[in-house]
Amino acid sequence: MTDVTDPKNLRQWQTELAALAAKLTDPITLKVIRDDMTTTTHTKPSLLEQLRQAHAHGGETGKASGSSPGAPIRVAAADLQRNLDRQAATLHFNVLVQDADAVSRIRAAAGIAGRWADINRVASTVFELRYMVERIEELLDPPRRLHIAAACPACGQGMVWRLDPSTGELVQAPALALDARTGCTCLGCGQVWGPENLEFLQGVLTVEQARRPRLRSSAEGNGHRSEVPTGATGNDDQVAARCAADDTETHGGTR
């Protein structure tokens, strides 16, 4: 028996591996010697295909006796095919797990899923790959985020407390954050305006700014210091410019 632990026998194992896989999956060519000592070739289906046919149509057993054609072998073939399907799936999984190259795994998975006719299974694979793409792009090319100096039209918050990842401390930040990919998001209530709704949001913010009363400064004679409500910093032109800039960026402008 060949020593499994001897590296010198690796080529022998690889040769047998290829031969067995071919016998299971490829057509089998046999040489037949006739009575006149001439030879001819005969091709049979692969072993897995023969098993599938035995499951579907039965074998030769029973024909001579007149019983139900192929019934015993058909049942046995069905059981064996189910077991081999499970073993093949386990073998495929184990081989992929042993392969440390993520590129090979993804290519193999995409190749298999691309042959499926089940739309739900194909879509599930798409979601998995989409998640990988988005996570890498966010890390290597993070989206440019701007802030709008205005209160959120949905919840009224102008500033929110956020954790600064660089310091680990809570800091105040404008509630409305612009992202060229996702649009505008309120960091307070979670309301989202997609890129297609930024122009509408710009109009709402402009109206809200116009309605907010303007406090006069001490230089204008009210005798008190000017106070600007939290979240109302900036003017309409700034808000409109920032929204327009992000909208341009979303539709192909310079990031």
Exercise for the section: Inspect all residues belonging to region 95-107 and state whether any of them is more than 21 Å from Ala22 (Cβ to Cβ), at pLDDT 85 or above and surrounded by 11 or more Cβ atoms within 10 Å (Cβ to Cβ). Expected result: yes
Fill in the blank from the handout: Checked region 110-127 for anything out of contact with any helix residue (DSSP H, G or I) (no Cβ under 7 Å at 6 or more places or on another chain), surrounded by 10 or more Cβ atoms within 10 Å (Cβ to Cβ) and under 24 Å from Glu49 (Cα atoms); matches are Ile112
Completion exercise
Taking region 105-149 and keeping only residues that are over 30 Å from Gln202 (Cβ atoms) and assigned to a loop (DSSP other than H, G, I, E, B), one is left with Gly114, Arg115, Trp116, Ala117, Asp118
Practice task
Answer with yes or no whether Gln87 is at pLDDT 85 or above, in a helix (DSSP H, G or I), open to solvent by 90 Å² or more (accessible area, probe 1.4 Å) and closer than 30 Å to Ala109 by Cβ.
Solution key: yes
Fill in the blank from the handout: Of the residues in region 23-45, those that are assigned to a loop (DSSP other than H, G, I, E, B) and at pLDDT 85 or above come to Asp26, Pro27, Thr38, Pro45
Problem - Evaluation of Val192 against (1) touching a strand residue (DSSP E or B) at 6+ places or on another chain (Cβ under 9 Å); (2) at pLDDT below 85; (3) surrounded by fewer than 17 Cβ atoms within 10 Å (Cβ to Cβ) (one fails), failing number - result: (2)
Problem - Number of positions in region 54-74 that are loosely packed, with under 13 Cβ neighbours inside 10 Å and either modelled with pLDDT of 80 or more or not hydrophobic (A, V, I, L, M, F, W, C) (or both) - result: 8
Practice task
May I ask you to verify whether Leu178 is in a strand (DSSP E or B) and either at pLDDT below 80 or touching a Cys at 6+ places or on another chain (Cβ under 7 Å) (or both)?
Solution key: yes
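The values are calculated or read from the model by the stated rules, or taken from the named source; none is laboratory data. All of these numbers come straight from a predicted model, not from anything done at the bench. Cβ atoms come from the backbone with ideal geometry, glycine included; neighbour counts cover every protein chain shown. Only protein heavy atoms, including side chains, enter the accessible area calculation; ligands, DNA and RNA are left aside. Shrake-Rupley method; radii C 1.70, N 1.55, O 1.52, S 1.80 Å.
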